[in-house]
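To keep things clear, I will list the structure first and then write my remarks on it.
Throughout, read-outs are computed from the coordinates displayed, never taken from laboratory work. Quick caveat: nothing in here was measured; it's all calculated off a predicted structure. Heads up, the Cβs are rebuilt from the backbone with ideal geometry, glycines too, and the neighbour counts pull from every protein chain shown.
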């Protein structure tokens with residue numbers, strides 16, 4: 001347990017030294033740029049925990065002021081003191097991030113290499129035997145997988161070569177089949193061309209026959225057209241003569257119609273005058289009738305009142321007679337029924353007396 005703790009302390013010390021070295025390399029890379037502008041350096045470090053370096057910087061500035069014409073830093077105790085202070089207090093580089101960003105390519109590569117060295121050291125220092133055994137097992141498994149993969153690749157290559165051979169044979173067979181198909185196609189093309197030529201000749205013969213029949217038919221139609229024109233001219237002349245006759249007849253009829261219209265107008269005027277006279281007579285008679293109807297309606301109302309009263313009186317008298325008749329009839333029926341009942345009663349009494357005598 002003590003050995004493990006001691007080993008852990010040593011490992012942490014190694015890592016700490018490496019990290020410190022990395023930080024010192026960073027500050028060492030920007031020290032020349034910091035000392036090129038000491039005034040800015042003083043303004044940044046003022047009022048910080050690093051103020052003790054300001055006095056040596058002032059000495060350096062005064063020394064540079066005395067040596068006019070020289071821009072290089074002197075290699076004296078003051079400069080070394082400033083450099084040692086920066087190397088000891090390497091965290092000062094955090095105040096100047098822009099200087100780290102403006103490093104040249106070589107310095108950046110150096111920092112990247114040192115960072116990789118630090119990470120590699122961390123990995124190698126902290127690895128254990130168990131992790132190494134696990135890695136070895138994984139590598140062994142990967143090796144076997146690689147062997148299997150190589151074997152499969154070899155088999156696939158052999159299969160691919162076999163497939164290529166088969167493909168070549170298939171291509172050759174397809175080529176032969178294609179040649180045969182092309183020959184058949186050429187033969188069919190020749191046959192089709194022959195058939196097309198025969199059809200063309202047949203069509204030409206048919207067209208010639210159609211043309212001949214068409215020309216014959218055209219001649220017949222021209223003759224028919226000529227005959228139709230002649231008949232049309234004859235019919236036109238005939239129709240013109242008939243039209244002339246019909247026009248003359250139409251004129252005669254129009255004259256007759258005009259005379260009839262004049263006669264109708266004359267008779268219509270007389271009838272209208274007669275109608276007006278009759279209408280005046282009708283209006284006068286209608287006025288007389290209206291006066292008569294007024295008087296007639298008055299007398300009719302009086303007559304209806306008298307007739308209604310008389311009918312009501314007659315109806316009342318008849319109703320009274322009917323009531324008296326019904327009462328008399330009912331009284332007769334009652335009397336008849338009463339007499340019959342009395343007779344039945346007397347008869348029953350006599351029968352009752354006769355039965356009593358027989359019993360004695």
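Points worth noting:
- Residue order, fewest to most surrounding Cβ atoms within 10 angstrom, among 239, 122: 239, 122
- Ordered by the count of other Cβ atoms within 10 Å of each Cβ, fewest first, 116, 95, 86 give 116, 95, 86.
- Fully extending the segment from residue 333 to residue 176 would add 42.2 nm, taking 0.36 nm per residue of separation and subtracting the current Cα-Cα distance.
- Pairwise Cα inverse-distance average, inverted: Kirkwood Rh of the chain (Å): 44.7 Å
- Max mean-square fluctuation residue, GNM over the chain, Cα-Cα springs under 10 Å, options 256, 318, 22: 318
- Estimated purely from DSSP H runs of n ≥ 4, each contributing -39500 (n - 2.57), the mean residue ellipticity at 222 nm for the chain is -33500 deg cm²/dmol once divided by its residues.
- Taking the chain and dividing mean pair separation by its residue count, relative contact order in percent (alpha carbons under 8 Å, at least six apart): 14 percent
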